[in-house]
1. Helix by helix, which DSSP H runs in the chain go 18 Å or more along their axis at the Cα atoms and have an average Kyte-Doolittle hydropathy of -1.0 or more?
2. For the chain, which whole-number percentage of the solvent-accessible area (1.4 Å probe, protein heavy atoms only) is attributable to carbon and sulfur atoms?
3. Go through region 33-47 residue by residue and turn each phi into a ³J(HN,Hα) via Karplus (6.51, -1.76, 1.60, θ = phi - 60°); whole Hz please, and just put x for glycine and proline.
4. Kindly work out what percent of the DSSP beta bridges joining two residues of the chain are antiparallel, to the nearest 5.
5. What figure, in Å² to the nearest 10, do you get for the accessible area of residue 262 with a 1.4 Å probe and non-protein molecules left out?
6. Would you mind checking the pairs 29/221; 88/221; 88/275; 184/221; 221/275; 184/271 and listing those with alpha carbons more than 18 angstrom apart?
7. How much accessible area does residue 200 have with a 1.4 Å probe, in Å² rounded to the nearest 10?
8. Quick one: what are the phi-derived ³J(HN,Hα) couplings along region 199-209, Karplus 6.51/-1.76/1.60 with θ = phi - 60°, whole Hz, x for glycine and proline?
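The values are calculated or read from the model by the stated rules, or taken from the named source; none is laboratory data. Quick caveat, the model's predicted, so the values are computed rather than measured. Note that we place each Cβ from the backbone using ideal geometry, even for glycine, and neighbour counts take in every protein chain shown. Ligands, DNA and RNA are excluded from the accessible area calculation, which covers all protein heavy atoms including side chains. Shrake-Rupley method; radii C 1.70, N 1.55, O 1.52, S 1.80 Å.
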Amino acid sequence: MIPAPFDYYAPTSLAEALTLLQRHGDDAKILAGGHSLLPAMKLRLASPAVLIDINKVAELRGIKVNGTVEIGAMTTWSAIEHDAALAKACPVMAEAVSLIGDIQVRNRGTIGGSLAHADPAADMPAVVLALDAQIHVEGPNGPRAIAAADFFTDMLSTALEPGEIITSITFNSLGAGEGAAYAKFPHPASRYAIVGAAAYVKMENGQVTACRVAITGAGPKAERQPAVEQALIGTDGSADAIAAAAAHAGEGMDMLGDIHASEEYRRAMCKVYTKRALLKAVERAR
Ligand SMILES: Cc1cc2nc3c(=O)[nH]c(=O)nc-3n(C[C@H](O)[C@H](O)[C@H](O)COP(=O)(O)OP(=O)(O)OC[C@H]3O[C@@H](n4cnc5c(N)ncnc54)[C@H](O)[C@@H]3O)c2cc1C
C-alpha cells in the first residue's frame, strides 16, 4: 500500500501545469483530489514518475452562473453541492453531487478529476450527458471544447489527448418548462452507482419537446439512451408515457456483471431508475 517513488510539482498557474505536463509526457499524471489516483498508486496499478498537483491553480476553481453555468475543473463536489446560484440555475447538480461518496470524498473529489477518470460507476458522467454539457480542455494545441456526448469513449477512457488538462465544464441554466433529475442505486459501502440515471426534459404546451437521458454504472461507460428519449418526445409526459419510455432503458448497452450486481439485475435497474429520474424531471419541468 505504498506508492512507487515519484517527483512532485505544485504549479500555481495553468500555463505552468501545461508546460510541466508537456515536459514529462507519459511519465506524468495530474493530481486533483487524489481520490482515484492515490488509491491506484498505492495498489501500484498506476506508478507515474511525476505528479503534477494542480490544487494551487486558482484559475481552475469556481462556479459562474449567468444564463450559462461554468464550473472550473478543480471545483470540489462540496463547493458544487452548496452553491446557491447553481442550485437555482440547475438543481440536478446538487442533487447528484449530494449522493457521491461521503463528506470526505465530497470535500476532496473534483468534477474535472471525476470526468477525466471516467469511472464506469461515477455519477457525473451521466449528469453532464443529460445536460448536454461541453468539457473544455487545454493542451499543447491550445484550448478546445468537447461535447459530453463525445467525451466518454470506453471504460476509464476519454477523448482527452496526451498533454491536455480539463479546465472547465459549461452547460445552459435550466429555464421555464425545463427540468432535470438524477436517481441512483448506490453501492452500500462506496456509494458509487450500481446504476444511476440522469434525465433532462423540456415541456411546451403540455408536451415533451426535448428529452435527454443517460445511464451510468450499468455499462463500461456512461451512455445516452436514444430509444428512451425518442419514446418520450411528443407525449404528454404522463406516468404511463414515462413508464413506456423507461422500458427502453439499457437497450443496446453492454451490461456489466460483477459480484455486486448481475447483468440481468443491472438491466432491470436501468428501467427502474430511468423511470424515477424522468418522473422527477417532468414534475420539475411542469
Ligand atoms: C471512498 C470513495 C467513494 C467514492 N464514491 C463516489 C461516488 O459515489 N460517486 C462518484 O461519482 N465518485 C465517487 N468517488 C470518486 C470521487 O468522487 C472523485 O471524483 C474521483 O476520485 C476523481 O476525482 P479526483 O479529483 O479525486 O481526481 P484524481 O484522483 O486526482 O484524478 C483522477 C484521474 O484524473 C486525472 N485528472 C484529474 N484532474 C484532471 C484534469 N483537470 N484534467 C485532466 N486530467 C485530470 C488524474 O491524472 C487521474 O488520472 C469515490 C471515491 C472514494 C475514494
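1. Helices meeting the span and hydropathy rule in the chain are 263-285.
2. Result for the chain: 52 percent of the exposed heavy-atom area is carbon or sulfur.
3. My calculation for region 33-47 gives x, x, 6, 10, 5, 5, x, 5, 6, 5, 7, 6, 7, 10, 9 Hz in order.
4. Roughly 85 percent of the beta bridges in the chain run antiparallel, per DSSP.
5. Surface open to solvent at residue 262 totals about 60 Å².
6. 29/221; 88/221; 88/275; 221/275
7. About 10 Å², rounded to the nearest 10.
8. Karplus values, whole Hz, x for Gly and Pro: 9, 10, 9, 10, 10, 9, 6, x, 10, 6, 9.
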